[in-house]
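See below for the structure under consideration.
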Amino acid sequence: MNKPTIGHRLSLVIKAMRLKDYQFAEKYGISRASLSRYKSSERYPDPEFLEALSKDKINLHWLFTGNGSMYTKDEFQELIQGKQAQVKSSNPDKSNPPTISPILHPINSQDFDPTSSITFPIVGEIAAGPPLEIRDEWSQVGQIQLPLSFLPGNPKQYTVFQVNGQSMEPVIQHQDIVVIKNDQSWEKADGKIAVVRTDDGLTIKKVQIDHHRQKIILQPFNIDYPVLVLDSDWNYGAFLIGTIALQLRFF
């Protein structure tokens, strides 16, 4: 699959703004033909267009490189920070966690040294697509043993899911196993892949915080899937489960 381009990211901006292509073109004073060429990466956006985007808090560094968040940070701290102080990460890029290939074990198997590994239940599926319905009790679909060195801190802060869907491809694929570190800080989740519970169920997406418009964007990597927008009119009641700590894939 081709690496995401400026045109792909521009498509995500349009989806996040909930605009049609013609509405977006009118808003920024460009022709629909120019917009089409921008989206197909046939030409780079004009300086005047980029300046207008930047005034609407679009992060031009993200647009050109894919690094960072879609929006530049501004106000909008009460919801995402609460009473917690901002914590700087020792790893500036955790949006793409390492992919490894451990061994899935039967429930009664204890091949690993229990002093250096831990068994986690795979508690259910997480949607990489439309959110999955939340069930009162997850049906355990298996177990996995992982070295404790992969999971710093208290093991009780981690939950394991299996991915169901293609919305996060190519980074996360259908049936990948993801280990989620439980953390309800939206500020720390900004720019990272996270599991979120909405009114419709559980989903895994990349979190982008729009400080300017006071919205939280749940962004798929696959541009064929819609962006989910959390705002005060729709769903500030969404609950952040945590961010991805480890991604496992089997071949």
Practice prompt. All but one of (1) surrounded by 14 or more Cβ atoms within 10 Å (Cβ to Cβ); (2) of a type outside the set (Val, Ile, Thr); (3) modelled with pLDDT of 80 or more; (4) not in a loop (DSSP other than H, G, I, E, B) hold for Leu79, so report the exception by its number.
Written response: (3)
Worksheet entry | Matching residues in region 173-188 - criterion: being acidic (Asp, Glu) and either part of a helix (DSSP H, G or I) or over 16 Å from Gly142 (Cβ atoms) (or both) | Asp183, Glu187
Fill in: Restricting region 53-76 to residues that are of a type outside the set (Phe, Trp, Tyr) and at positive phi, the residue that is modelled with the lowest pLDDT
Gly68
Worksheet item: What residue, of Leu246, Leu240, Leu218, Leu146, is more than 30 Å from Ser116 (Cα to Cα), of a type outside the set (Val, Ile, Thr) and either modelled with pLDDT under 90 or not assigned by TED's automatic domain parsing to the domain that holds Leu12 (or both)?
Response: Leu218
Discussion item. Can you confirm whether Gln162 is assigned to a strand (DSSP E or B), more than 25 Å from Phe120 (Cα to Cα) and of a type in the set (S, T, N, Q)?
Written reply: no
Worksheet item: If you go through region 205-222 one residue at a time, do you hit one that is assigned to a loop (DSSP other than H, G, I, E, B) and buried (at least 19 other Cβ atoms within 10 Å of the Cβ)?
Response: yes
Worksheet item: Is it the case that some residue within region 153-169 is in contact with a helix residue (DSSP H, G or I) (Cβ under 9 Å, 6 or more places away or on another chain) and at pLDDT 85 or above?
Response: yes
Worksheet, complete the sentence: Of the residues in region 20-67 that are over 24 Å from Asp190 (Cα atoms) and polar (S, T, N, Q), the one that is surrounded by the most Cβ atoms within 10 Å (Cβ to Cβ) is Ser34
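The values are calculated or read from the model by the stated rules, or taken from the named source; none is laboratory data. Remember, it's a predicted structure, so these values are computed and weren't measured experimentally. A quick note on method: Cβ atoms are made from the backbone with ideal geometry, for glycine too, and the neighbour counts reach across all protein chains shown.
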